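*Asks:* The structure under discussion is supplied below as structure tokens; questions concerning it will follow.
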Amino acid sequence: LPRIQQVCCIGAGYVGGPTCAVMAAQCPDVQFAVVDTDAARIAAWNSAALPIYEPGLEELVGRQRGRNLHFSADVEAAVRTADLVLLAVNTPLGQPGADGLGMAPPGLRSVEACARTVARTAKPGAIIVEKSTVLCHTGELIARILQDHGPPDGRFQVLSNPEFLSEGTAVRDLLRPDRVIIGGQPGSEDAQEALRALYARWVPAERIVTMGMWSAELAKLASNALLAQRVSSINAVSAVCEAVGADIAEVARGCGMDSRIGRDFLRASIGFGGPCLSKDLMGLVWLCESLGLHDVATYWDQVLRMNDAQTARFVRRIVRALGPDLSGASVAVLGFAYKAGTGDTRNTPAALVCGELLKLGACLAVYDPKVPEQQIRDYLVAGRAPATGLRVCASAYEAVAGARAVLVLTPWPEFAALDWARAHRLMAHPALAVDGHRILDDRALELLGFSTVSVGVRSSIADS
Ligand code: NAI
């Protein structure tokens, strides 16, 4: 079996950083070099202020860095000595329309660039692993680049090892993954076995599955599509709840107790966001269209449309509750990250809600425990929202002071635990509480004097 003593991970982002930190902790005899062309990001990984927030990550990196975990901007130097190269670069969607399909094709530019670097620099026999989420047959593309640009005796092995971590729980997910998938073409069994042996140090054998390359690539896309579909399904039911006077929390409980359905991922919300679910769904839709599977493409596309509709309906309900003239209305926004446990704001539904309210003239006071002020400003400006009415606050209480309404847009536990009586005293009256994630106790808030609007439950003020 190929012996793996040095691992190089290209891409020091939300996947590359935490993955190698956990692997380094579990494999003390293996050296891990995490490299990136973004020198500022690498400098942050080498500092006390890591470039991303994940619970438990700071301690983990602190323990391993300088021992068997290194961060560097010298990509080629790290690739040159690696026995195994992980490709964990970003794969953003490309420009729609260029290929005649009218939708965004998957962005493989970074993956291709890495494959060329690897072909030029890696040592013969190195194992190249797709960790980025890619469309089916990307492994073939990588293998071809390696063959065309590499040395004649290169004989690189290409594997697919998609990552299933969830932001906000990345360290826990990496330490105790539900499954590790290792895909390869016939003939790559030794390479698959070598990667399996690395994971087997801490992952139970029955959770490590090997399969064909295209199955592994598709398993990742399909997993995200199924997760997104589940969110859109429960959100679709939440719309019915609001109309008929049912409560989505009760309905979800009633459904989730069926073991065939299960309880997880059945929380209604303002819609999913983040760097993966929408992007991967769009990638799947593109793939289906390119294969001529139009009905299948339409099916998955509807999951995305349902998500957009959910956020839009939420905004309409806020506007109905506050009255049509929002100019100068003071609104507190609690949470801006796309989910709790992370400072990531990529594709966050909170930005859509804030952007719409700013366009209607509202004055927003935003607080998020993990998202820096500039990141909030940049994101809204990039979405062409007028930033004049925006104030970023250092606490939830500062944000609610003087506000007519408070919106919970990220389900951070600290918002559920807020002293809501104090918040009510600080706000203008009548005060409105809008819960985009069903983490607040509506009844308790109403007893304090709030009007309430919640996802998945009828509101006298928003749905009459
Ligand atoms: P990211 O954007 O946080 O990190 C990617 C890094 O790759 C960036 O720092 C960028 O500078 C670097 N990079 C890009 N091109 C490069 C090149 N040619 N050479 C060297 N470095 C380069 O992205 P993230 O979130 O870590 O995602 C990476 C991949 O993993 C994507 O395909 C994503 O779909 C997938 N994924 C992401 C998950 C998440 O929760 N963020 C979970 C599972 C998979």
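The values are calculated or read from the model by the stated rules, or taken from the named source; none is laboratory data. All of these numbers come straight from a predicted model, not from anything done at the bench. Backbone-built Cβ (ideal geometry, glycine too); neighbour counts: all protein chains shown. These accessible areas exclude ligands, DNA and RNA; they are computed on the full protein's heavy atoms, side chains included. Shrake-Rupley method; radii C 1.70, N 1.55, O 1.52, S 1.80 Å.
*Asks:* In percent, how large is the relative contact order of segment 258-396, given Cα pairs closer than 8 Å and 6 or more residues apart? Walk me through the numbers on the way to the answer.
*Replies:* On the way: 172 pairs, mean separation 31.4, N = 139.
Reported relative contact order: 23 percent.
*Asks:* Taking a probe of 1.4 Å, how large is the accessible area per residue of segment 87-238, in Å²? Show your work: numbers first, answer last.
*Replies:* Details: 6530 Å² over 152 residues.
Ligands and nucleic acids excluded, the figure is 43 Å² per residue.
*Asks:* With charges only on Cβ, +1 for K and R and -1 for D and E, what is the dipole size of the chain about its Cα centre, in debye, rounded to 20?
*Replies:* Its charge dipole is roughly 460 debye.
*Asks:* Among the lysines, which fall within straight-line cross-link reach of Lys123, defined as a Cα-Cα distance under 21 Å, with same-chain neighbours fewer than 8 residues apart omitted?
*Replies:* Lys131
*Asks:* Next question. Which of the lysines could a cross-linker bridge to Lys339, judged by Cα under 19 Å and excluding same-chain residues fewer than eight apart?
*Replies:* Answer for Lys339, where 19 Å is the Cα cut-off: Lys279, Lys370, listed by chain and number.
*Asks:* Per residue, what accessible area does segment 382-464 have, given a 1.4 Å probe and all protein chains present, in Å²?
*Replies:* Averaged over the residues of segment 382-464, the accessible area is 45 Å².
*Asks:* How long are the semi-axes of the equivalent ellipsoid of the chain, defined as square roots of 5 times the Cα gyration tensor eigenvalues? Whole Å, largest first.
*Replies:* 43, 24, 20
*Asks:* Additional query: Output the antiparallel fraction of DSSP beta bridges having both residues in the chain, as a percent to the nearest 5.
*Replies:* Of the beta bridges lying entirely in the chain, close to 10 percent run antiparallel.
*Asks:* Still on this structure, please answer the following. By the gyration tensor of its Cα atoms, with a ≥ b ≥ c the square roots of the eigenvalues, what is the shape of segment 214-464: rounded for a/c under 1.5, prolate for a/b over b/c, or oblate?
*Replies:* prolate
*Asks:* Using just the helices of the chain, give the 222 nm mean residue ellipticity in deg cm²/dmol: DSSP H runs with n ≥ 4 each add -39,500 (n - 2.57), and the total is spread over all residues, rounded to 500.
*Replies:* Value at 222 nm, helices only: -13500 deg cm²/dmol.
*Asks:* Additional query: Which whole-Hz couplings ³J(HN,Hα) result when phi for each residue of segment 355-362 is put into the Karplus expression 6.51 cos²θ - 1.76 cosθ + 1.60, θ = phi - 60°, listed in order with x for Gly and Pro?
*Replies:* Values, residue by residue: x, 5, 5, 5, 4, 7, x, 5 Hz.
*Asks:* For a protection proxy built on the mean count of beta-carbon atoms within 10 angstrom, sort 267-273, 387-393 highest first, please.
*Replies:* Top to bottom by mean Cβ count within 10 Å: 267-273, 387-393.
*Asks:* List every residue whose amide H lies under 5 Å from the amide H of Ala433, counting only residues 5 or more places away in sequence or on a different chain, with H placed 1.01 Å from N in the peptide plane.
*Replies:* Val406, Ser451, Thr452, Val453
*Asks:* Can I ask one more? Under 15 Å from the Cβ of Ala362, count the other residues' Cβ atoms, weight Lys and Arg +1, Asp and Glu -1, and hand me the total.
*Replies:* My count for the surroundings of Ala362 gives +4.
*Asks:* Something else: Place a +1 charge on the Cβ of each Lys and Arg in segment 34-140 and a -1 charge on the Cβ of each Asp and Glu, then give the dipole magnitude about the Cα centre in debye, rounded to the nearest 20.
*Replies:* 300
*Asks:* Continuing with this model, one more query. Given axes a ≥ b ≥ c from the Cα gyration tensor, I'd like to know whether segment 308-418 is rounded (a/c under 1.5), prolate (a/b larger than b/c) or oblate.
*Replies:* Rounded, because the longest to shortest axis ratio a/c is under 1.5.
*Asks:* What shape does segment 97-211 have by the C-alpha gyration tensor, where a ≥ b ≥ c are the square roots of the eigenvalues, rounded means a/c under 1.5, and otherwise prolate means a/b greater than b/c and oblate the rest?
*Replies:* Working: a/c = 2.12, a/b = 1.20, b/c = 1.77.
Since a/c reaches 1.5 but b/c is at least a/b, the shape of segment 97-211 is classed as oblate.
*Asks:* Explain nothing, just compute: Karplus ³J(HN,Hα) = 6.51 cos²θ - 1.76 cosθ + 1.60, θ = phi - 60°, for every residue of segment 375-391 in order, whole Hz, x for Gly and Pro.
*Replies:* Values, residue by residue: 4, 5, 4, 4, 5, 5, 5, 4, x, 6, 8, x, 8, 5, x, 9, 10 Hz.
*Asks:* What percent antiparallel are the DSSP beta bridges of segment 214-464, to the nearest 5? Walk me through the numbers on the way to the answer.
*Replies:* Details: 2 of 22 bridges.
So the antiparallel bridges amount to about 10 percent of the total.
*Asks:* Carbon-plus-sulfur fraction of the accessible area of the chain, 1.4 Å probe, in percent? Intermediate values should be presented prior to the final figure.
*Replies:* Details: 10710 of 20170 Å².
Result for the chain: 53 percent of the exposed heavy-atom area is carbon or sulfur.
*Asks:* Now for a separate question. Determine ³J(HN,Hα), in whole Hz, for all residues of segment 405-414 in sequence, where each value follows from phi through the Karplus function 6.51 cos²θ - 1.76 cosθ + 1.60 and θ = phi - 60°; x replaces Gly and Pro.
*Replies:* Along segment 405-414, the couplings run 9, 10, 10, 9, 10, 10, x, 5, x, 5 Hz.
*Asks:* A further question follows. Just need the relative contact order of segment 214-464 here, percent rounded to a whole number, with Cα pairs under 8 Å and 6+ apart.
*Replies:* 22
*Asks:* While we're looking at this one, here's another question. Which residue, Leu432, Cys241, Val315, has the largest displacement toward the positive end of the dipole of segment 214-464 when charges sit on each Cβ (Lys, Arg +1; Asp, Glu -1)?
*Replies:* Of the candidates, Leu432 comes out farthest on the positive side.
*Asks:* Of Ala21, Ile10, Ala362, which is farthest along the charge dipole of the chain in the positive direction, counting Lys and Arg as +1 and Asp and Glu as -1 at C-beta?
*Replies:* Positive-most Cα among the choices belongs to Ala362.
*Asks:* Sticking with this one: Can you list the residues, at least 5 places off or on another chain, whose amide H is less than 5 Å from the amide H of Ser160, using H built in the peptide plane?
*Replies:* Glu130, Gly183, Gly184
*Asks:* Positive end of the dipole of segment 133-265, charges at C-beta (+1 Lys, Arg; -1 Asp, Glu), about the Cα centre: which of Gln229, Gly183, Val251 has its Cα farthest in that direction?
*Replies:* Farthest along the dipole direction, towards plus: Val251.
*Asks:* Follow-up. Find the relative contact order for the chain and round it to a whole percent, using C-alpha pairs within less than 8 Å whose residues are 6+ positions apart.
*Replies:* 12
*Asks:* Non-local amide H neighbours of Ser330 (under 5 Å, H modeled in plane, Pro and chain starts lacking H): which ones?
*Replies:* Hits under the 5 Å cutoff: Cys363, Arg404.
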